[in-house]
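K.L.:
Can you keep this structure in mind? I'll have questions shortly.
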Number of protein chains: 2
Amino acid sequence: MSDLFFERVAFIGIGHIGSSLARLIRREKLAGKIIVCDRSSDARAKALELGIADEVTDDAAIAVTDADLVVIATPLSQYQAIGTAIAPALKKGAIVTDVGSVKELVVREFLPLLPEGVHLVPGHPVAGTENSGPESGFAEVFKNRWCILTPVPLGNEEALEKIAAIWRSGEMQVEMMDAAHHDRVLAITSHVPHLIAYTIVGTATDLEETLKSEVIKFSASGFRDFTRIAASDPVMWRDIFLNNREAVLEVLQRLNEDLTAMQRAIRWGEGDKLQDRFAKTRAIRRSIVEAKQA
Amino acid sequence: MSDLFFERVAFIGIGHIGSSLARLIRREKLAGKIIVCDRSSDARAKALELGIADEVTDDAAIAVTDADLVVIATPLSQYQAIGTAIAPALKKGAIVTDVGSVKELVVREFLPLLPEGVHLVPGHPVAGTENSGPESGFAEVFKNRWCILTPVPLGNEEALEKIAAIWRSGEMQVEMMDAAHHDRVLAITSHVPHLIAYTIVGTATDLEETLKSEVIKFSASGFRDFTRIAASDPVMWRDIFLNNREAVLEVLQRLNEDLTAMQRAIRWGEGDKLQDRFAKTRAIRRSIVEAKQA
């Protein structure tokens with residue numbers, strides 16, 4: 001796509017995903033200039049040092065002035081303040097996108113803040129590691145993963161295509177989806193698994209010290225896998241749960257019922273029931289391996 | 001340890017861990033002959049083909065005849081039948097060890113079956129992948145992991161030392177522990193995490209087909225990590241839960257309380273509570289990375 005070029009790209013927030021996307025944009029030469037806005041002076045300094053920002057600022061309105069493309073890559077709780085701050089400064093025809101893990105709120109709370117003539121394309125690259133901060137990003141993090149776009153009603157087709165093309169340049173597959181559906185799917189695949197991981201690791205942190213040191217020693221037996229995802233950014237995850245409450249609580253309810261059934265099967269020694277259940281879950285793993293998402 | 005050599009080693013069960021240990025024993029030249037007993041003719045053929053068995057049989061008594069070292073590496077539900085079958089055939093002075101994930105039952109149900117003059121050393125190498133079968137084993141799986149031995153009351157010191165030395169030859173660190181304590185620690189680090197993984201993946205298998213295919217597509221967002229451990233052997237895990245019931249149910253109870261508190265914090269929008277909790281779990285991850293178990 002030879003005409004995929006933005007004279008001026010503004011990033012609001014330059015954490016793990018923001019910096020990964022900035023690196024991708026650099027690698028693919030999709031931008032003339034990259035301006036980074038972040039509240040953290042460390043992050044701003046890092047972005048300059050890493051060469052992913054040409055200019056930095058702590059003022060979102062300044063960052064987006066004259067920008068052709070604006071990428072919101074902050075925790076969800078900042079969206080409203082950012083929308084309010086940037087709205088007067090956005091130029092007509094600018095494309096605004098985001099990388100947040102909850103999408104219904106973008107339409108509900110962020111879209112109404114934007115002026116007419118600005119094109120919003122809510123997005124969610126389903127990728128990343130448990131690490132945080134601009135130094136943890138890398139362009140290849142998106143490779144072979146999926147990016148979900150949740151187009152707004154009556155949105156601009158060309159803007160949508162351009163955002164899709166950016167992600168495709170990072171070798172992502174792009175899927176369009178209704179925002180509410182996105183939030184339900186991600187509650188299952190991502191939000192509830194993270195909550196469970198945080199919970200199980202949290203239960204272990206409450207143990208007396210001797211036992212805790214043993215849990216660390218012998219963590220390779222399963223616990224370790226939970227600690228990896230429970231090391232993700234606390235603020236980002238707080239915001240995800242607060243903003244996808246209904247879907248998360250619904251999935252938790254189902255999970256609770258299933259966990260109670262497992263508990264009961266263990267208590268009453270129902271081996272067949274356990275074995276049946278365990279055998280079924282292997283099929284899902286195989287599908288994931290086949291889908292090259294393992 | 002130059003005198004660490006067994007003329008004849010018998011493996012009862014040659015799955016992932018059994019075959020990994022057999023490969024280690026081969027690599028370190030610790031055995032004259034390895035005899036493998038397995039109920040599965042496929043596994044027996046594979047063991048010969050892989051060169052980890054010199055002889056194979058489906059009769060445990062034949063396998064252990066004249067053996068200096070007997071390794072039980074089957075699911076826990078077979079221990080009683082194996083103990084009964086091999087007891088009359090064990091030679092005086094033979095060392096019997098196992099690799100099972102629950103240890104109290106070994107003392108309670110297996111030890112009483114063995115004749116006097118035979119030395120039991122219950123063991124648990126805390127290592128392995130989610131794969132099953134003799135072809136999935138490899139000697140290096142033990143490297144830098146911990147092996148827990150749970151010595152029986154008034155057990156033979158020399159036998160204990162020899163078993164420890166075998167595991168150390170695979171670069172494991174060896175820790176001695178009371179069997180009941182082992183079962184409590186492993187309930188936290190391994191058994192409950194596996195049960196949760198099985199449950200969460202199970203909840204997803206019950207979804208309608210469209211949603212299920214999306215869960216697979218977008219599994220990289222967290223769900224994937226659970227499917228890996230939920231792909232472990234169903235019979236092995238059924239037996240673990242049935243045989244470590246008390247400890248597993250106790251940990252599940254604590255986890256349930258913590259999960260309910262998380263659920264409540266989400267429902268009532270208590271962001272500070274969530275963030276505090278999430279921030280604490282990062283420390284545990286750091287400890288695991290520092291302990292080189294990540």
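K.L.:
Give me a single rounded figure for A:174-187: the average over its residues of other chain Cβ atoms within 10 Å of their Cβ.
P.N.:
Neighbouring Cβ atoms belonging to other protein chains average 2 per residue here.
K.L.:
Can you tell me the Rg and the Dmax, both Å, for the Cα atoms in the stretch B:1-153?
P.N.:
Cα-based Rg and Dmax for the stretch B:1-153 come out at 14.1, 40 Å.
K.L.:
May I pose another question? Determine the principal axes of the Cα atoms in chain A, then give the extent along each, sorted from largest to smallest and rounded to whole angstroms.
P.N.:
Between the extreme Cα coordinates on each principal axis of chain A lie 67, 42, 34 Å.
K.L.:
Still on this structure, please answer the following. Computed on alpha carbon atoms, what radius of gyration and Dmax characterise the stretch B:106-226, expressed in Å?
P.N.:
My reading of the Cα-based Rg and Dmax gives 19.3, 61 Å.
K.L.:
Output, in nm with one decimal and in ascending order, the distances from the B:A45 label point to the matching label points of the other copies (7 Å from Cα along Cα-to-Cβ).
P.N.:
With the label placed 7 Å along Cα→Cβ, B:A45 yields 6.6 nm.
K.L.:
All other residues with a Cβ under 13 Å from the Cβ of A:I229 taken together, and with Lys, Arg as +1 and Asp, Glu as -1, what is their net charge?
P.N.:
Residues close to A:I229 contribute a combined charge of +2.
K.L.:
Once fully extended, how much extra length lies between A:A81 and A:A45, figured as 0.36 nm per residue of separation less the alpha-carbon to alpha-carbon distance?
P.N.:
Net length gain for the segment: 10.7 nm.
K.L.:
By the gyration tensor of its Cα atoms, with a ≥ b ≥ c the square roots of the eigenvalues, what is the shape of the stretch B:117-157: rounded for a/c under 1.5, prolate for a/b over b/c, or oblate?
P.N.:
It is prolate, given that a/c is not under 1.5 and a/b is the larger ratio.
K.L.:
With +1 on the Cβ of every Lys and Arg and -1 on the Cβ of every Asp and Glu, and nothing else charged, how large is the dipole of the stretch B:175-225 about its Cα centre, in debye rounded to the nearest 20?
P.N.:
The calculated dipole for the stretch B:175-225 is roughly 120 debye.
K.L.:
Given points 7 Å out from each Cα along the Cα-Cβ axis, report the B:K33 to A:A61 separation in nanometres with one decimal.
P.N.:
Here the answer is 8.9 nm between the modelled labels.
K.L.:
Not counting ligands, DNA or RNA, and with a 1.4 Å probe, what is A:E135's accessible surface area in Å² rounded to the nearest 10?
P.N.:
Looks like 100 Å² after rounding.
K.L.:
Can you tell me the orientation of helix B:234-243 relative to chain B, as the angle in degrees between its alpha-carbon axis and the longest Cα principal axis, to the nearest 10?
P.N.:
Long axis of B:234-243 versus the principal axis of chain B: about 90 degrees.
K.L.:
Suppose R0 equals 45 Å; then what is the FRET efficiency for A:E208 and A:T129 from their Cβ-Cβ distance, rounded to the nearest 0.05?
P.N.:
Using R0 = 45 Å, I get an efficiency of 0.90.
K.L.:
Taking every residue in B:130-142, how many Cβ atoms of other protein chains lie within 10 Å of its Cβ, on average?
P.N.:
The per-residue average across the peptide is 0.
K.L.:
Counting pairwise Cα distances across the stretch A:38-97, what percent come out greater than 15 angstrom?
P.N.:
51
K.L.:
Further, regarding this structure: Distances from B:G133 to the same position in the other copies: list them in nm, one decimal, shortest first, using label points 7 Å from Cα along Cα→Cβ.
P.N.:
With the label placed 7 Å along Cα→Cβ, B:G133 yields 4.5 nm.
K.L.:
Shortest first, in nm, what separates the label point of A:E250 from those of the same position in the other copies (7 Å along Cα→Cβ)?
P.N.:
3.9
K.L.:
How much of the calculated P(r) for the protein assembly as shown lies past 36 Å, in percent of all Cα pairs?
P.N.:
43
K.L.:
Sort the following peptides by mean Cβ neighbour count (other Cβ atoms within 10 Å, averaged over residues), highest first: A:201-210, A:224-233, B:164-173.
P.N.:
Highest to lowest by the protection proxy: A:224-233, B:164-173, A:201-210.
K.L.:
How long, wide and thick is the stretch A:77-173, going by the Cα atoms along their three principal axes, in whole angstroms, largest first?
P.N.:
35, 27, 23 Å, listed from the longest principal axis down.
K.L.:
Now a separate question. Rounded if a/c is under 1.5, else prolate if a/b is larger than b/c, else oblate: which is the stretch A:231-291, with a ≥ b ≥ c the root eigenvalues of its Cα gyration tensor?
P.N.:
Verdict is oblate for the stretch A:231-291.
The values are calculated or read from the model by the stated rules, or taken from the named source; none is laboratory data. Note that the structure is predicted; figures quoted are calculated from it, not measured. Every residue, glycine as well, gets a Cβ built from its backbone with ideal geometry; the counts of neighbours run over all protein chains shown. Keep in mind that these areas ignore ligands, DNA and RNA; they rest on the heavy atoms of the full protein, side chains included. Shrake-Rupley method; radii C 1.70, N 1.55, O 1.52, S 1.80 Å.
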